Amino acid sequence: MEFLLEHAEPISSDVHELSKVLLARFGLLPRKKDGSAKMHTLLLELNERKKRANRDRQPETAVMPVEEMALHAGIKRQTMYDYLHRWLSLGILKKTSFVSSGKVIVGYELNGPTLDGAFRKAENALKNHLDYSFKVLEQLQNEIKKEKLREISSASSTSAEHQGQARSSSPEPPETPHQP
């Protein structure tokens, strides 16, 4: 998963503006400059459905099929699947299925009782990613140290061999006979 977090600040306290900023900060807005997806309206609708489902104690109300998600975002169904991958990777949405009128309905809902709960899942996913990255960093540093020690060790053993060869190849002084 590629995380493209943006630094964005809200310029007003309008819910649409705040939801756009939130999605930007988590890298969930369209990445193309001419992207027309209105992901903030989808987020707001998912939130409303989750609140209604919790209030009415009807969990299926929170579930939204991909086709409907695409309509709220103003994009095609296939494009919605592309965006959906990022939302699922961060854990903001979860895939859910239920039976209604004898049919199995597959859709997606917020992965928490509230927006805060869903985005806390994203926080956890990002934190886990960073924790693992720091483990890789630690491993890299250890390998660099080991490599340096090997270089130093092989350099010192090589110089010791050269010194040993230098002694054996140097002519020994001739023996002088002992004179009594």
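Any residue in segment 165-172 that is modelled with pLDDT under 65, over 30 Å from L90 (Cα atoms) and surrounded by 10 or more Cβ atoms within 10 Å (Cβ to Cβ)? Within segment 165-172 (the criterion being modelled with pLDDT under 65, over 30 Å from L90 (Cα atoms) and surrounded by 10 or more Cβ atoms within 10 Å (Cβ to Cβ)), the answer is yes, since at least one residue qualifies. Which of the residues belonging to segment 42-86 are farther than 29 Å from K32 by Cβ and of a type in the set (A, V, I, L, M, F, W, C)? Within segment 42-86, A53, A62 qualify.
Pull up segment 28-54, narrow it to residues that are in contact (Cβ under 8 Å) with a residue 60 or more places away in the chain and of a type outside the set (D, E, K, R), then point me to the one that is surrounded by the fewest Cβ atoms within 10 Å (Cβ to Cβ). Result: N47. For I105, indicate whether it is in contact with a helix residue (DSSP H, G or I) (Cβ under 9 Å, 6 or more places away or on another chain) and not hydroxyl-bearing (S, T, Y). Yes: the conditions hold for I105. Just so you know, in segment 10-26 the residues that are in a loop (DSSP other than H, G, I, E, B) and touching a helix residue (DSSP H, G or I) at 6+ places or on another chain (Cβ under 7 Å) include one that is farthest from H85 (Cα to Cα), and it is I11.
The values are calculated or read from the model by the stated rules, or taken from the named source; none is laboratory data. Remember, predicted model here, so these are calculated numbers, not experimental data. Every residue, glycine as well, gets a Cβ built from its backbone with ideal geometry; the counts of neighbours run over all protein chains shown.
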